[in-house]
1. Based on this model, can you work out whether B:MET236 counts as of a type outside the set (D, E, K, R) and within 30 Å of B:VAL262 (Cα to Cα)?
2. May I ask you to verify whether B:PHE217 is at pLDDT 95 or above, surrounded by 18 or more Cβ atoms within 10 Å (Cβ to Cβ) and either farther than 22 Å from B:ALA79 by Cβ or hydroxyl-bearing (Ser, Thr, Tyr) (or both)?
3. Among the residues of region B:457-489, write down those that are at pLDDT 85 or above, of a type in the set (S, T, N, Q) and under 23 Å from A:SER74 (Cβ atoms).
4. Do you know which residues across region B:263-292 are of a type in the set (Val, Ile, Thr) and over 21 Å from B:CYS319 (Cβ atoms)?
5. Checking the structure you have, find out if any residue of region A:44-57 is crowded, with 22+ Cβ neighbours inside 10 Å, assigned to a loop (DSSP other than H, G, I, E, B) and touching a residue at least 60 places away in the same chain (Cβ under 8 Å).
6. Before we move on, is A:ALA92 surrounded by fewer than 16 Cβ atoms within 10 Å (Cβ to Cβ) and touching a helix residue (DSSP H, G or I) at 6+ places or on another chain (Cβ under 9 Å)?
7. Of the conditions (1) surrounded by 13 or more Cβ atoms within 10 Å (Cβ to Cβ); (2) within 27 Å of B:ARG269 (Cα to Cα); (3) away from chain A (no Cβ under 14 Å); (4) hydrophobic (A, V, I, L, M, F, W, C), B:ALA45 satisfies every one except a single condition; which number is it?
8. Please determine whether any residue of region B:157-179 is part of a helix (DSSP H, G or I), within 22 Å of B:ASN294 (Cβ to Cβ) and assigned by TED's automatic domain parsing to the domain that holds B:ARG207.
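The values are calculated or read from the model by the stated rules, or taken from the named source; none is laboratory data. These numbers come from a predicted model, not from an experiment. Using ideal geometry, Cβ is built from the backbone for each residue, glycine included, and neighbour counts are taken over all protein chains shown.
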Amino acid sequence: MRVALFITCVNDAMFPDTGKATVAVLRRLGQEVEFPTSQSCCGQPHFNSGYQDEAIPLVRRFVRAFDDYDVVVSPSASCVSMVHENYAYLAAKAGDRQLQSDLAALTPRVLELSQLLTDVLQVDDVGAYFPHTVTYHPACHGLRTLHLGDRYPRLLTAVEGLTLLDLQDAQECCGFGGMFSVKNADTSAAMVSSKVDNVLATGAQVLTSTDNSCLLNMAGALVRRSRATRFMHAAEILATTRAGGESWRETMPAVARADA
Amino acid sequence: MSGPTGPVVWADVPPFPTAAKKQLAKEEQRATLSRVTHQIRAKRAAVVHERDDWEDLRRAGEQIKTRVLRHLDTYLEQAEQALTDAGVTVHWAVDADHANRIIYALVSETGETEVVKVKSMATAEIGVNEFLAKRGITAVETDLAELIVQMAGDRPSHIVVPAIHRNRTEIRDIFTEHMPGVPDDLTDDPAQLAGQARRHLRQKFLRANVAISGANFVVADSGTLCIVESEGNGRMCLTLPDTLISVVGIEKIVPTFADLEVFLQLLPRSSTGERMNPYTSLWSGVTPGDGPQNMHVVFLDNGRTKALADPVGRQALRCIRCSACLNSCPVYERTGGHAYGSVYPGPIGAILTPQLRGMDDPVDRALPFASSLCGACYEVCPVRINIPQVLTHLRGKAVDHDRENRKRGVERTAFRAATFGFDNDLLYNAGLSAGLPAAHVAAGKDGLRWLPFLGGKWTASRDVIRPPRQSFRRWWKQQTRAPAEQGEP
């Protein structure tokens with residue numbers, strides 16, 4: 001099984017550790033991961049802002065980058081949703097039949113990390129160790145578009161030492177919504193304020209989610225109230241082990257070094 | 001493109017971001033909205049989850065409505081024939097003004113100067129109360145919440161619960177000020193308030209000769225109209241007066257009586273969180289000696305055929321006005337309905353208003369952006385309207401409108417430049433390699449509390465988290481290159 005990492009532009013630029021963590025978890029489970037460097041942005045910011053035609057070249061680029069792989073995995077529910085929900089529509093809009101048929105074959109192979117772990121690899125316990133209290137925000141696209149359901153709660157509760165704390169109104173949007181956060185900044189601020197209230201009420205040491213863009217929003221508001229709560233992508237929790245701690249952050253995982 | 005075809009929106013409300021800011025500052029209203037929307041959400045969830053065939057019901061509702069819209073011309077003519085056969089006079093109104101003139105002429109013929117009204121979105125959409133008032137006819141709302149809004153000179157902020165933004169103390173004050181014969185010691189006890197409204201409305205019902213209603217459904221093959229309600233005021237209006245004028249959007253058709261069973265299950269559970277609504281009135285034309293003897297149906301277009309012509313947008317016409325999308329929406333919960341500037345607030349309003357009116361007005365172009373695209377609306381919609389899909393579709397139309405008018409040039413250039421950069425390996429790599437180290441240093445250990453220009457919208461309520469020193473792809477390149485450089489296999 002050839003697995004490609006679809007890092008997403010936000011993670012590439014802002015959260016490289018989430019990419020390293022995804023690689024570390026998959027290698028620990030015996031999966032070799034490749035990184036096609038021709039990948040870039042999925043076009044969601046364009047699409048959601050009304051610039052559909054401008055997103056079409058990025059759909060083509062996505063297909064070129066990932067077409068050769070058996071599985072395309074991403075630590076972003078939002079970007080995976082973009083592929084599943086809107087790519088076929090954009091290809092049809094472009095009137096590109098080849099692109100449509102390429103996408104029909106590729107899209108089912110594009111998975112969010114937890115889908116690969118729990119559905120394909122059939123593991124809930126990835127061998128992680130994280131002795132902290134954690135609260136989980138199920139980001140909207142994972143929750144309502146990909147229907148990730150209890151995949152992350154299962155993965156997280158299987159982590160040794162981890163205590164998962166319930167988040168009040170967990171299913172309510174954090175208020176990010178891409179350009180929504182600046183175009184309707186006041187409404188977005190009111191939404192993230194409620195989310196931060198609920199996060200702080202859990203008393204958790206760590207806030208986690210499926211999407212760093214949502215975490216960027218929540219954490220940005222959270223730090224103005226408290227610097228005691230850390231935030232990290234769920235992949236980073238799953239990558240942390242008793243033996244190696246968070247060593248995956250800076251170095252290649254042990255499996256890879258053994259290969260070399 | 002034609003301009004506004006009817007009132008639908010209130011002319012003095014600015015585009016959503018500005019209107020929302022004003023509403024967000026009303027702390028008491030926000031507390032009320034948050035409490036009530038969460039209550040209705042929980043009630044809905046409870047009665048929906050007890051049905052293991054709920055998804056089948058939703059799909060049935062979707063398919064019936066889709067079929068109706070596909071063959072709307074046929075069903076409308078069938079309904080017209082059935083209604084006419086049953087003694088009802090059918091009128092066709094192309095827009096709000098046309099509908100209002102028809103209604104005014106019908107009321108004038110009766111010589112009445114006061115009419116009673118059953119709560120109806122179609123009549124709110126065309127602004128018939130205001131139209132009649134200017135011509136000396138008073139239209140009295142008989143739904144309790146609608147009456148509260150009308151007495152206070154306020155505007156509805158919700159499709160089913162128009163006074164949702166008012167708490168009971170405010171309602172007591174409105175009654176005391178505006179309702180004749182209210183005792184001095186009226187408290188804000190809901191039972192007392194309802195009793196007072198009942199006494200007030202009973203006199204109106206007993207002397208009314210004309211009623212104006214909408215309809216939740218029109219059965220095409222039998223010419224049956226259906227209204228669901230909670231208070232019984234509708235039943236009074238539909239049975240006591242001699243003349244009944246029903247204003248019905250052309251999309252309200254269901255093909256047969258049997259199709260009603262799907263919607264009579266979907267609607268109350270989605271709307272008020274009840275298994276069944278207290279009053280369901282069905283009537284099929286005139287029955288001599290029983291109920292109104294003079295019946296009219298005004299079929300209203302007012303932008304609906306324009307929406308029907310849009311392959312993506314037309315699904316909004318499946319809407320049965322249940323308000324589940326409003327109650328579930330995190331934006332509506334905070335801004336309330338008035339921020340949308342339309343009789344149709346919330347997520348459904350954000351896709352319906354611009355389709356009914358067109359996109360010439362900035363208010364209509366701002367509405368599709370009034371959403372974080374979280375999808376809570378689609379999840380609860382009983383007829384499976386993919387509201388986020390229509391929102392992004394209409395955003396495209398808004399952008400295209402501005403493209404034609406040479407506005408939004410900076411934003412368009414930015415997105416084009418972004419595509420150019422993202423679609424070019426060299427530029428993308430160079431951008432990350434050059435940009436990140438600088439941003440990392442600039443942001444400092446604690447990130448940034450302030451950004452200029454558009455970034456200021458972000459930093460008004462959030463810090464900017466510190467970017468890393470290097471991108472993922474740079475790390476990947478270094479790691480994969482390392483073994484070879486060390487001379488290892």
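1. Details: of a type outside the set (D, E, K, R): yes; within 30 Å of B:VAL262 (Cα to Cα): yes.
Against the criterion (of a type outside the set (D, E, K, R) and within 30 Å of B:VAL262 (Cα to Cα)), B:MET236 qualifies.
2. Numbers: at pLDDT 95 or above: yes; surrounded by 18 or more Cβ atoms within 10 Å (Cβ to Cβ): yes; either farther than 22 Å from B:ALA79 by Cβ or hydroxyl-bearing (Ser, Thr, Tyr) (or both): no.
It is false that B:PHE217 is at pLDDT 95 or above, surrounded by 18 or more Cβ atoms within 10 Å (Cβ to Cβ) and either farther than 22 Å from B:ALA79 by Cβ or hydroxyl-bearing (Ser, Thr, Tyr) (or both).
3. Narrowing region B:457-489 to residues at pLDDT 85 or above: B:457-478.
If we keep only those that are of a type in the set (S, T, N, Q) as well, we get B:459, B:461, B:470-471, B:478.
Passing the criteria: B:GLN470, B:SER471, B:GLN478.
4. To start, the set of residues in region B:263-292 that are of a type in the set (Val, Ile, Thr) comprises B:272, B:280, B:286-287.
If the condition is that a residue be of a type in the set (Val, Ile, Thr) and over 21 Å from B:CYS319 (Cβ atoms), then B:VAL286, B:THR287 are the ones that fit.
5. Looking for residues that are crowded, with 22+ Cβ neighbours inside 10 Å, assigned to a loop (DSSP other than H, G, I, E, B) and touching a residue at least 60 places away in the same chain (Cβ under 8 Å), one finds at least one in region A:44-57, hence yes.
6. Working: surrounded by fewer than 16 Cβ atoms within 10 Å (Cβ to Cβ): yes; touching a helix residue (DSSP H, G or I) at 6+ places or on another chain (Cβ under 9 Å): yes.
It is true that A:ALA92 is surrounded by fewer than 16 Cβ atoms within 10 Å (Cβ to Cβ) and touching a helix residue (DSSP H, G or I) at 6+ places or on another chain (Cβ under 9 Å).
7. Single failed check for B:ALA45: (3).
8. First pass over region B:157-179, keeping only residues part of a helix (DSSP H, G or I): B:168-178.
Filter once more, so that each one left must be within 22 Å of B:ASN294 (Cβ to Cβ): none.
No, that holds for no residue.
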